[in-house]
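The values are calculated or read from the model by the stated rules, or taken from the named source; none is laboratory data. Since this is a predicted model, take the numbers as computed values, not measurements. Here the Cβ is made from the backbone with ideal geometry for all residues, glycine too, and neighbour counts use every protein chain on show. Ligands, DNA and RNA are stripped out before the accessible areas are found, and what is left, the full protein with its side chains, is counted by its heavy atoms. Shrake-Rupley method; radii C 1.70, N 1.55, O 1.52, S 1.80 Å.
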Amino acid sequence: MKIALVSIDTKFIHTNMAIRYLQANCSVPSELFEFTIKDTDRHMTEVLTKARPDLIGFSCYLWNIRRVESLAHSLKELGNPTIVIGGPEVSHDPDFFLSNPDFDFLIAGEGEIAFD
């Protein structure tokens, strides 16, 4: 199984610690993909599609949730990766975000143990 852990940060200089904590606690090998909100959906889709992950985990925040939704939709159209979302933006209303057919699973709250 190939796992991609993805963040869409506000700036290149920001480091997303959440995906690093997930990777450190994951018993399956995973690869980190960090983008910024200035990256195009097309670029992110191409990079992730080329990596061919079976599962893609997105770290979701206020500033990137719409981009995550768009990216998940594009990725589902091109293949059938399992999409897992987590983070503060989706933890407060999991039912709303799980109503999106492009999201397969949601981890609410701290995800390090749940993701393993």
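Just the number, please: carbon plus sulfur as a percent of the accessible area of the chain, 1.4 Å probe, no ligands or DNA/RNA counted.
Working: 3740 of 6670 Å².
Of the solvent-accessible surface of the chain, carbon and sulfur hold 56 percent.
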Let me know the longest stretch in the chain that avoids all trypsin sites (Lys or Arg not before Pro) found in a DSSP loop with at most 12 other C-beta atoms within 10 Å. 39-116
Rounded to a whole number of µm²/s, how large is the Stokes-Einstein D of segment 27-116 at 25 °C and 0.890 mPa s, given Rh as the Kirkwood radius over C-alpha pairs? 183 µm²/s
Figure the gain on full extension for A51 and K76 (residue separation times 0.36 nm, minus the Cα-Cα span) and round it to one decimal in nm. 7.6 nm
On a 1.4 Å probe surface of the protein chains, which of E34, E46 comes out largest in accessible area, and what is the full order? E46, E34
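What does the extension gain come out to for L32 and K2, with contour length at 0.36 nm per residue minus their alpha carbon separation?
On the way: separation 30, 0.36 × 30 = 10.80 nm, distance 1.13 nm.
Once the chain is fully extended between L32 and K2, it gains 9.7 nm.
Got a sec? What order do M44, M17, M1 fall in by accessible area at 1.4 Å, biggest, i.e. largest, first?
These residues rank, largest area first, as M1, M17, M44.
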Cβ-based charge dipole, the chain, positive-most Cα from A108, H92, G57: G57
For V84, net neighbour charge (Lys/Arg +1, Asp/Glu -1) across residues whose Cβ lies under 12 Å away: -3
Probe of 1.4 angstrom, ligands and nucleic acids ignored: what's the accessible area per residue over the chain, in square angstrom? 57 Å²
With label points built 7 Å along Cα→Cβ from the Cα atoms of L62 and A24, find their separation and express it in nm. 2.6 nm
